[in-house]
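Report on the structure given below.
The values are calculated or read from the model by the stated rules, or taken from the named source; none is laboratory data. Predicted model only: the values in this text are computed from it and were never measured. Note: ideal-geometry Cβ built from the backbone for every residue, glycine included; neighbour counts use all protein chains shown.
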Amino acid sequence: MEPRRRHEGADRLSATRSETGRALVVEPWLKQTGARAGARVTSQTRTPEARLEEVVGLARAIDLNVVQSGLVTLNNIRPATYIGKGKVDEIAGLTKTLDASVVVMDCPVSPVQQRNLEKAWNAKVIDRTGLILEIFGRRARTREGALQVEHAHLTYQKSRLVRSWTHLERQRGGFGFLGGPGETQIEADRRMLEERIARIEDELDKVKRTRKLHRDSRKRVPYPIVALVGYTNAGKSTLFNRMTAATVLSADMLFATLDPTLRAVDLPHGNRIILSDTVGFISDLPTMLVAAFRATLEEVIEADVILHVRDMAHEDAAAQSRDVEKVLGELGIEATDKRLIEVWNKIDRLDANARERLANLVERQPIERRPVLASALTGEGLDRLIAAIEARLGESRQTLQVSIDPADGAGLSWLYRHSEVLSKDMRDDGRLAVVVRADADKAAQVRAKFGA
Ligand SMILES: Nc1nc2c(ncn2[C@@H]2O[C@H](COP(=O)(O)OP(=O)(O)O)[C@@H](O)[C@H]2O)c(=O)[nH]1
Ligand SMILES: [Mg+2]
């Protein structure tokens, strides 16, 4: 395996995380077809280097400490070990000297191959689907999201049981990295998986029926939500960290502690927002995982502003953007949606010509749809981005003043729950003047209730 240079900036990020293990990442590449084995052929046949970079990013997303990554070219797939014996031995040496406990294989690994490789390397082996499932599982924030991920996980396990219907397989259920049912017989495993899948499907039906109710209750957060979407490695988390560092972290501990991907911050002109880092898009997402991915992204529907973060230095930037727009469209968010702001990220990696070309493109867009050129790494363009967010919020949020009876505790608490309370003053006439801010819907409710 040829060692690769470390990814820029990644160490700084990973140093602050709790890491679960030292890992090697292997990108197998079939020479004959020039495509990753098992991958469906896409319009944009991506280079092995781009694929490797993506999968390293995915491994980091579950806090693996990637100590080495590299391409392994092969002429054909070996049924027993996927890659050839020479490579298996070479990687065995690496896991030992680098003290790696996990090897990520960016390909579909059968249960037989997995067991053989784990034995040869004395390390856990996780394949592409397993890795993605782990990421989704960690990031599912809604009940539906969690159920969809579990459904995909069980379906994946079941497909592996059926495909490898051999006596050898009796020893192994589930897949190593994530744990599984253990040493049960395949028949029993399969029945159990089927039962669990059926139960989850029932529950999913129920959750979908009550989805509307859930949405309404989540909408109770009185602050606008700014969601970051985009491809994996586009720079969402880097931007998330930059923005929370560049603004005042709100004292609202609820969001500081509950979930590391949600944070409340105060923007320079007084808007308190909740920044939400979402799970990233992944190229060639296994079909089995599509529903789970959508469900983890559902929260974006609720967002007041959606930042579509794009890696403008990426060779597939245009195709990636089309993928993102397609899925957002399926969630009911059209490309012309007023809440969308495109962040053209990583401009520090572009030469002067490429930058100028982008700057010209940006200039030609109408203000309300103008992308923001930025670098989450250097911080360039962050001020423009924050201004753009504030402008969008200014359009959708209204400030109103209401006057209520100071004894009306229920009324006041309603205001706190449904709007952002900016100030409260006792007036000379003994009534309480409350200034609140809310989106158009809530503002209308405030007016109807309190006659602002
Ligand atoms: N050069 C450069 N690298 C960046 C920039 N933003 C992010 N990165 C790097 O791109 C990689 C992926 O970033 P990350 O924020 O984890 O992407 P995410 O998957 O979208 O959350 C990391 O190595 C970052 O350091 C940028 O503006 N410029
Ligand atoms: Mg991220």
Seminar exercise, completed: Checked against (1) in contact with a Gly (Cβ under 9 Å, 6 or more places away or on another chain); (2) away from ligand 2 (no atom under 16 Å from the Cβ); (3) in contact (Cβ under 8 Å) with a residue 24 or more places away in the chain, Ser321 satisfies every condition except (3)
Exercise. If only one of Arg272, Arg349, Arg357, Arg294 is at pLDDT 90 or above, of a type in the set (Lys, Arg), more than 14 Å from ligand 1 (Cβ to nearest atom) and surrounded by fewer than 22 Cβ atoms within 10 Å (Cβ to Cβ), which one is it?
Worked result: Arg357
Seminar exercise, completed: Residues of the range 53-72 being within 13 Å of ligand 1 (Cβ to nearest atom), surrounded by fewer than 21 Cβ atoms within 10 Å (Cβ to Cβ) and free of Cβ contacts under 8 Å to residues at least 60 places away in the same chain, in sequence order, are Asp63
Exercise. Among Thr81, Thr97, Thr47, which is the only one that is in contact (Cβ under 8 Å) with a residue 40 or more places away in the chain and away from ligand 2 (no atom under 16 Å from the Cβ)?
Worked result: Thr47
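A quick yes/no check of all residues on (1) out of contact with any helix residue (DSSP H, G or I) (no Cβ under 9 Å at 6 or more places or on another chain); (2) touching a residue at least 60 places away in the same chain (Cβ under 8 Å); (3) within 11 Å of ligand 1 (Cβ to nearest atom); (4) assigned to a helix (DSSP H, G or I):
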{"position": "Glu298", "(1), (2), (3), (4)": "no, yes, no, yes"}
{"position": "Ile306", "(1), (2), (3), (4)": "no, yes, no, no"}
{"position": "Val309", "(1), (2), (3), (4)": "no, yes, yes, no"}
{"position": "Glu315", "(1), (2), (3), (4)": "no, yes, no, no"}
{"position": "Lys338", "(1), (2), (3), (4)": "no, no, no, no"}
{"position": "Trp344", "(1), (2), (3), (4)": "no, no, yes, no"}
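Let's see how each residue does on (1) surrounded by fewer than 21 Cβ atoms within 10 Å (Cβ to Cβ); (2) touching an Asp or Glu at 6+ places or on another chain (Cβ under 8 Å); (3) at pLDDT below 90; (4) small (Gly, Ala, Ser):
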position: Val112; (1), (2), (3), (4): yes, yes, yes, no
position: Trp121; (1), (2), (3), (4): no, no, no, no
position: Ser164; (1), (2), (3), (4): yes, no, yes, yes
position: Glu169; (1), (2), (3), (4): yes, no, yes, no
For this session: Evaluate the range 369-379: report whether one residue or more is in contact (Cβ under 8 Å) with a residue 24 or more places away in the chain, among the hydroxyl-bearing types (Ser, Thr, Tyr) and outside any helix (DSSP H, G or I).
Result: yes
For this session: Only residues in the range 187-211 that are under 14 Å from Gln148 (Cβ atoms) and free of Cβ contacts under 8 Å to residues at least 60 places away in the same chain count as the first member; pair them with residues that are surrounded by 14 or more Cβ atoms within 10 Å (Cβ to Cβ) and of a type in the set (Val, Ile, Thr), Cβ under 8 angstrom, at least 6 apart or cross-chain, and list the lot.
Result: Ile197/Thr155
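Within the range 249-268, how many residues are at pLDDT 80 or above and either within 16 Å of ligand 1 (Cβ to nearest atom) or not aliphatic (A, V, I, L, M) (or both)? Don't jump to the end; show me each part of the working.
Filtering the range 249-268 for residues at pLDDT 80 or above gives 262-268.
Retained after the next criterion (residues that are either within 16 Å of ligand 1 (Cβ to nearest atom) or not aliphatic (A, V, I, L, M) (or both)): 262-263, 266, 268.
Within the range 249-268, residues that are at pLDDT 80 or above and either within 16 Å of ligand 1 (Cβ to nearest atom) or not aliphatic (A, V, I, L, M) (or both) number 4.
Among the listed residues Ala292, Ala303, which satisfies the condition of being small (Gly, Ala, Ser) and within 28 Å of Arg397 (Cβ to Cβ)?
On the way: Ala292 fails: within 28 Å of Arg397 (Cβ to Cβ).
After applying the criteria, what remains is Ala303.
Restricting to the range 428-452, name every residue that is among the hydrophobic types (A, V, I, L, M, F, W, C) and surrounded by 16 or more Cβ atoms within 10 Å (Cβ to Cβ).
Matches in the range 428-452: Leu432, Val434, Val435, Val436, Ala438, Ala443, Val446, Phe450, Ala452.
Residue by residue, here is whether (1) surrounded by 13 or more Cβ atoms within 10 Å (Cβ to Cβ); (2) modelled with pLDDT of 90 or more; (3) under 21 Å from Ala313 (Cα atoms) holds:
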| site | (1), (2), (3) |
| --- | --- |
| Ala374 | yes, yes, yes |
| Leu377 | yes, yes, yes |
| Glu390 | yes, yes, no |
| Gln401 | yes, yes, no |
| Met426 | no, yes, no |
Exercise. In the set Glu203, Glu195, which member is at pLDDT 85 or above and either more than 27 Å from the chain's Cα centre (by Cα) or not in a helix (DSSP H, G or I) (or both)?
Worked result: Glu195
Seminar exercise, completed: Subset of the range 75-91, residues surrounded by 17 or more Cβ atoms within 10 Å (Cβ to Cβ) and hydrophobic (A, V, I, L, M, F, W, C), comes to Ile77, Ile83, Val88, Ile91
Seminar exercise, completed: Over the range 283-296, the set of residues within 16 Å of Leu58 (Cβ to Cβ) and in a helix (DSSP H, G or I) is Leu289, Ala292, Phe293, Thr296
Problem set entry | Any chance Asp311 is buried (at least 19 other Cβ atoms within 10 Å of the Cβ), closer than 18 Å to Val372 by Cβ and among the acidic types (Asp, Glu) | yes
